[in-house]
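*Asks:* Structure in structure tokens, see below.
The values are calculated or read from the model by the stated rules, or taken from the named source; none is laboratory data. Because the structure is a prediction, the values reported are computed rather than measured. Cβ placement follows ideal geometry from the backbone for every residue including glycine, while neighbour counts extend to all protein chains displayed.
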Amino acid sequence: MKELLDFFNHPFFVIVGGISTIIVFFGFGYTIYSIIRGIMPVWIRLGKSLSNKKIAIYAEGEFDDFKSLLVDSGLFKEKNIEKISSASLGKGENHTMMLVNYNEFDNKMDDILRFKRDSDALIVYVSNGVRVPQDILDKINNHRNSIVVTFRGRLLNDIVTSLITTAYEKK
């Protein structure tokens, strides 16, 4: 056993062990640095988005369905969700996220797009089977941070993604 210990106490192994230890420490430090630099800003932005961003839901008949979809996910607070009716489209102008039920607001899309700021996210939900005219799709496509969704299952994912990627105003 002593011979084995003496063999590994040879200066070669001591030097290689020391160099390996230094490499491991630098690798660990670089990993921590990469996580802080790359992942933490995304987590912070998502946390601020989920807690602070106001969501305007342009829906009348299906508002409760959309609201329960968001609240039941556990990601959004009920106080941050506001119903926008066709009579008060201007109320949605101050919200950073706009969710539009196209079936109810198909004739108001031009007005909604006029209220949308470049830094805001617009998600247009179109029920499966409803055809959106190409000119409306082109108008939506010409606005930054705009999405057309046809499935409710995809809707929540697109909302969270939009909250991460939309611009943030400096305070």
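*Asks:* Can you name every residue in the range 122-171 that is in contact (Cβ under 8 Å) with a residue 40 or more places away in the chain and within 20 Å of GLY74 (Cβ to Cβ)?
*Replies:* The answer is ARG152, LEU155, LEU156, ILE159, VAL160, SER162, LEU163, ILE164.
*Asks:* Being of a type in the set (S, T, N, Q), assigned to a loop (DSSP other than H, G, I, E, B) and either in contact with a Cys (Cβ under 9 Å, 6 or more places away or on another chain) or at pLDDT 90 or above (or both) is the filter here; which residues of the range 124-149 pass it? Quick ask: steps written out before the conclusion?
*Replies:* Applying the first criterion (of a type in the set (S, T, N, Q)) to the range 124-149 yields 127-128, 134, 141-142, 145-146.
Adding the requirement that they be assigned to a loop (DSSP other than H, G, I, E, B) leaves 127-128, 142, 145.
ASN142 - this is the single residue of the range 124-149 that is of a type in the set (S, T, N, Q), assigned to a loop (DSSP other than H, G, I, E, B) and either in contact with a Cys (Cβ under 9 Å, 6 or more places away or on another chain) or at pLDDT 90 or above (or both).
*Asks:* Then there's this: Would a scan of the range 98-117 turn up a residue that is within 16 Å of the chain's Cα centre (by Cα), outside any loop (DSSP other than H, G, I, E, B) and in the same structural domain as ASP138 (by TED's automatic domain parsing)?
*Replies:* From the range 98-117, those within 16 Å of the chain's Cα centre (by Cα) are 98-99; that's our starting set.
Those left that are additionally outside any loop (DSSP other than H, G, I, E, B): 98-99.
Adding the requirement that they be in the same structural domain as ASP138 (by TED's automatic domain parsing) leaves 98-99.
Checking the range 98-117: at least one residue is within 16 Å of the chain's Cα centre (by Cα), outside any loop (DSSP other than H, G, I, E, B) and in the same structural domain as ASP138 (by TED's automatic domain parsing).
*Asks:* Here's a follow-up. Kindly check whether there is at least one residue in the range 13-31 that is within 30 Å of THR166 (Cα to Cα) and either among the small types (Gly, Ala, Ser) or in a helix (DSSP H, G or I) (or both).
*Replies:* Residues of the range 13-31 that are within 30 Å of THR166 (Cα to Cα), as a first pass: 30-31.
Pick out the ones that are also either among the small types (Gly, Ala, Ser) or in a helix (DSSP H, G or I) (or both) and you get 30-31.
Yes, the range 13-31 contains at least one residue that is within 30 Å of THR166 (Cα to Cα) and either among the small types (Gly, Ala, Ser) or in a helix (DSSP H, G or I) (or both).
*Asks:* Failed condition for PHE8, given (1) surrounded by 10 or more Cβ atoms within 10 Å (Cβ to Cβ); (2) more than 30 Å from ASP158 (Cβ to Cβ); (3) modelled with pLDDT of 85 or more, with all others met?
*Replies:* Here PHE8 meets the rest and fails (3).
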